[in-house]
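**Q** Structure below; questions to follow.
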There are 2 protein chains.
Amino acid sequence: MARERFSAVYLLSGPKRQALSRAQDICYEQTVELPDDLIPCEFIKKNVLGNIESFKKSGSAFKAEISYPVEAAASELSQLINVIFGNISLKTGIRLEYLDLSDRFLKAFSGPGFGVRGLRKKLGIFKRPLLCTALKPMGLSSRDLAKLAYQFALGGMDIIKDDHGLTNQCWAPFKERVELCTSAIREANKKTGFTSVYAANITASLVEIKKRALCAKRAGAGVLMMAPGITGFDVMRDVAGDKKIGLPVISHPAFAGSFMASQNSGLSHYCFFGQLNRLAGADAAIFPNYGGRFSFSPKECRSIVRGCCDRMGHIRTIFPCPGGGMSLKRVRQMCDFYGPDVIFLIGGGLMRGNVVSNCLTLRSLVFADRA
Amino acid sequence: MARERFSAVYLLSGPKRQALSRAQDICYEQTVELPDDLIPCEFIKKNVLGNIESFKKSGSAFKAEISYPVEAAASELSQLINVIFGNISLKTGIRLEYLDLSDRFLKAFSGPGFGVRGLRKKLGIFKRPLLCTALKPMGLSSRDLAKLAYQFALGGMDIIKDDHGLTNQCWAPFKERVELCTSAIREANKKTGFTSVYAANITASLVEIKKRALCAKRAGAGVLMMAPGITGFDVMRDVAGDKKIGLPVISHPAFAGSFMASQNSGLSHYCFFGQLNRLAGADAAIFPNYGGRFSFSPKECRSIVRGCCDRMGHIRTIFPCPGGGMSLKRVRQMCDFYGPDVIFLIGGGLMRGNVVSNCLTLRSLVFADRA
């Protein structure tokens, strides 16, 4: 066992005997996929097979750290995902808690192109939380969405993003929408002196994704958004790492909720929103805020924050981006909970009454806290 | 509501009032993402918003059919997935049961390039179940894997596939492995007169996927395999629809188990393994057989079979490919359960003792049933 290995830590349900049997099962299922007596040589048993590095009680369940040979992941994110949670995603009572990857192992991954620092630098905002809002509803024309973008920009929202449901529908085709919205935001910025940017949703057919990214860039969009649950994590990594594109990427959780639907299967919030997003190059991770219309708990939200900012070798820290459940009344509470390195995503809450003055009120509430 | 719409049917947990509230929530969350009073015009309320077409009791839960405007999906698989289960994947007590798509709607999708008939024609096997096995374990050299492929081919296995864990590891790099294995299988075919084919696992980094597909094709692989849970469904669709590649694609469930981990959230087996795989161009769907080392029930396996072969406009029917839990003793039972249009995936079960004679025994047991 002298060769280099990386580890994944799993939460395993059941009484001790069953949990231990689950840990042993993972060692085989995620590597050789054969019972012990069919492994053809000692080399594979010693070097390729997963190995239980630790096994201990954790609440009413057990936690096992299982190591794999670095070579198994073949320096590819797709295969790393396969090794840590491929076939065992189909078994019950196993939840992937977190990855323990050495600095050397992490060198195979570029990670976010911007991260917290880079995105702050790009937007010229260095201390306070960032404010993000969404253009909606689906069904509005590009012109009407651009009008809304103009209002949000007048109100000084830092990032004005497409709702994740806006792609290339006939009501507001991508190119037209992006051009009108960026133009409207530019106009507003001229008036206000703010530096609002547009974030274009490029979640699409594979052949369209990069075309839309480049189209958005040409139009002057400052940020891109995509949903790795739909596109696959590696497609996001590919966009984030493409120098011709060179824009920050916000990760949206659409279609990925099933990974977090159960306490004893799937992936932890820490791993999915933090570690995997960072390995896949996202600069910010949208997730459902606690107390909103979704069901994440404060504890889960806190673990996402840690996943976004815990040390991961050379991989940059990224912004947690809680959405939903954020009314003007709760702003101060949210500021206390999340601290300054956060992007607050507030949508419908700003659209009741006067959009511009709602945004300005929000700004003053958030900034009061961080001079 | 005169415009064309498509439907998705959801299973909703809870007492009637709560289930109905979930159904109403889906209508908003999956389209406008705004409360009713913020929807800016009647056009959007009437035409864009989801609509509950039916709502009725189903066991201890409720089933709701919800329709969406065809335009919302923008003729893209990625956006169809987003509309049917994007944000609501993050809510509890909602499970997507199946899609109800009109023949006209389905014309936006090519579906499988081969399907049951096409794959049968390609392999020259017209009535009986197909037999598939997997090369493993990870850690063997390409030469040793090719030796094993040779044995499987001598035994007349129709499809000899990479284990899904084999990608491009140093132990058996992709190009070397594919060339040695296809060559070994060709040799064996010359001896036996069988027509075994090699199925190469092309699940990889996005930039590598098509390169590996073409590399496999050049080497003489007859089939490709990929895991849409890892790559994203649309990447599989892109490979399946690429005429330069032109090979059948087998879909592997790695990393996708969380979608099926709960009875009251995620996706139904029918929808994920059948409908989504077919929309994404897979010609066969691997899934964990009942009674094996995974936890699918006979009822769930039967629903996958229906998902693979129920009518879907012009979209071809595909092979269900149950894996695991298939010993020589259970072959007849499996034949009765699945009927002839199936690919049996049998791995480790053939590797104990004499591989060639195990395969030949399996062949005789399966074919005895279907002369």
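The values are calculated or read from the model by the stated rules, or taken from the named source; none is laboratory data. Note that the structure is predicted; figures quoted are calculated from it, not measured. Using ideal geometry, Cβ is built from the backbone for each residue, glycine included, and neighbour counts are taken over all protein chains shown. For the accessible areas, the whole protein counts, side chains as well, though only heavy atoms, and no ligand, DNA or RNA atoms are used. Shrake-Rupley method; radii C 1.70, N 1.55, O 1.52, S 1.80 Å.
**Q** I'd like to check something: does segment B:38-45 contain any residue that is at positive phi and either out of contact with any Pro (no Cβ under 6 Å at 6 or more places or on another chain) or open to solvent by less than 30 Å² (accessible area, probe 1.4 Å) (or both)?
**A** In the first step, residues of segment B:38-45 are kept if they are at positive phi; the result is none.
The answer is no, given that none of the residues of segment B:38-45 is at positive phi and either out of contact with any Pro (no Cβ under 6 Å at 6 or more places or on another chain) or open to solvent by less than 30 Å² (accessible area, probe 1.4 Å) (or both).
**Q** Out of everything in segment B:324-347 that is crowded, with 19+ Cβ neighbours inside 10 Å and in a helix (DSSP H, G or I), what residue ends up being farthest from the chain's Cα centre (by Cα)?
**A** Looking only at segment B:324-347, we keep the residues that are crowded, with 19+ Cβ neighbours inside 10 Å, and these are B:324, B:326, B:331, B:334-335, B:338, B:341-347.
From what's left, in a helix (DSSP H, G or I): B:331, B:334-335, B:338.
On the way: B:Val331: 22, B:Met334: 19, B:Cys335: 20, B:Tyr338: 16 Å.
Top of the filtered list is B:Val331.
**Q** Another question, then. Looking only at segment B:158-194, count every residue that is touching a helix residue (DSSP H, G or I) at 6+ places or on another chain (Cβ under 6 Å), in a helix (DSSP H, G or I) and not polar (S, T, N, Q) and tell me the total.
**A** Of the residues in that region, 11 qualify.
To keep it simple, each residue is scored yes or no on (1) among the basic types (Lys, Arg); (2) under 28 Å from the mean Cα position of the chain (by Cα); (3) at the interface with chain B (Cβ under 7 Å from one of its Cβ atoms).
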| residue | (1), (2), (3) |
| --- | --- |
| A:Cys41 | no, no, no |
| A:Lys45 | yes, no, no |
| A:Asn51 | no, no, no |
| A:Ser54 | no, no, no |
| A:Ser58 | no, yes, no |
| A:Glu71 | no, yes, yes |
| A:Leu80 | no, yes, no |
| A:Phe85 | no, yes, yes |
| A:Leu90 | no, yes, yes |
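**Q** A further question on this structure: If we keep just the residues of segment A:112-122 that are in contact (Cβ under 8 Å) with a residue 12 or more places away in the chain and open to solvent by 10 Å² or more (accessible area, probe 1.4 Å), which is farthest from the other protein chains (Cβ to nearest Cβ)?
**A** Kept after step one, since they are in contact (Cβ under 8 Å) with a residue 12 or more places away in the chain, are these residues of segment A:112-122: A:112-119, A:122.
From what's left, open to solvent by 10 Å² or more (accessible area, probe 1.4 Å): A:113-114, A:116-118, A:122.
Numbers: A:Gly113: 16, A:Phe114: 20, A:Val116: 24, A:Arg117: 27, A:Gly118: 23, A:Lys122: 25 Å.
Step by step, filter segment A:112-122, then rank; the result is A:Arg117.
**Q** Given A:Ala188, A:Ala227, A:Ala219, A:Ala213, which one is of a type in the set (A, V, I, L, M), open to solvent by less than 20 Å² (accessible area, probe 1.4 Å), within 14 Å of another protein chain (Cβ to nearest Cβ) and over 16 Å from A:Ala134 (Cβ atoms)?
**A** Details: A:Ala188 fails: within 14 Å of another protein chain (Cβ to nearest Cβ); A:Ala227 fails: over 16 Å from A:Ala134 (Cβ atoms); A:Ala219 fails: within 14 Å of another protein chain (Cβ to nearest Cβ).
Matching residue, one of A:Ala188, A:Ala227, A:Ala219, A:Ala213: A:Ala213.
**Q** I've got another one for you. Which condition number in (1) more than 8 Å from chain B (Cβ to nearest Cβ); (2) not in a helix (DSSP H, G or I) is the one that A:Ala134 fails?
**A** Unmet for A:Ala134, out of (1) more than 8 Å from chain B (Cβ to nearest Cβ); (2) not in a helix (DSSP H, G or I): (1).
**Q** Follow-up question, since we're still on this one. Give the residues of segment B:249-287 that are touching a residue at least 60 places away in the same chain (Cβ under 8 Å), more than 12 Å from the chain's Cα centre (by Cα) and outside any strand (DSSP E or B), sorted by residue number.
**A** B:Ser262, B:Gln263, B:Asn264, B:Ser265, B:Ser268 - these are the residues of segment B:249-287 that are touching a residue at least 60 places away in the same chain (Cβ under 8 Å), more than 12 Å from the chain's Cα centre (by Cα) and outside any strand (DSSP E or B).
**Q** Hey, can you tell me all the residues within segment A:51-70 that are closer than 27 Å to B:Ile286 by Cα and free of Cβ contacts under 8 Å to residues at least 24 places away in the same chain?
**A** none
**Q** For segment B:230-246: of the residues being free of Cβ contacts under 8 Å to residues at least 40 places away in the same chain and more than 7 Å from every other protein chain (Cβ to nearest Cβ), which is nearest to B:Gly93 (Cα to Cα)?
**A** Filtering segment B:230-246 for residues that are free of Cβ contacts under 8 Å to residues at least 40 places away in the same chain and more than 7 Å from every other protein chain (Cβ to nearest Cβ), the one nearest to B:Gly93 (Cα to Cα) comes out as B:Asp242.
**Q** Give the residue that is nearest to A:Gly156 (Cα to Cα), with candidates limited to residues of segment A:332-371 that are among the basic types (Lys, Arg) and touching a residue at least 40 places away in the same chain (Cβ under 8 Å). Walk me through it before giving the result.
**A** Keep residues of segment A:332-371 that are among the basic types (Lys, Arg), which gives A:332, A:352, A:363, A:370.
Of the ones still in play, those that are also touching a residue at least 40 places away in the same chain (Cβ under 8 Å) are A:363, A:370.
Details: A:Arg363: 7, A:Arg370: 16 Å.
Per the stated criteria, the residue is A:Arg363.
**Q** Restricting to segment B:268-306, name every residue that is facing another protein chain (nearest Cβ under 7 Å), touching a helix residue (DSSP H, G or I) at 6+ places or on another chain (Cβ under 7 Å) and either open to solvent by 10 Å² or more (accessible area, probe 1.4 Å) or farther than 17 Å from A:Ile88 by Cβ (or both). Break it down stepwise before answering.
**A** First pass over segment B:268-306, keeping only residues facing another protein chain (nearest Cβ under 7 Å): B:288, B:294-295.
When the remaining residues are screened for being touching a helix residue (DSSP H, G or I) at 6+ places or on another chain (Cβ under 7 Å), the result is B:288, B:294.
Within segment B:268-306, just B:Phe294 meets the criteria.
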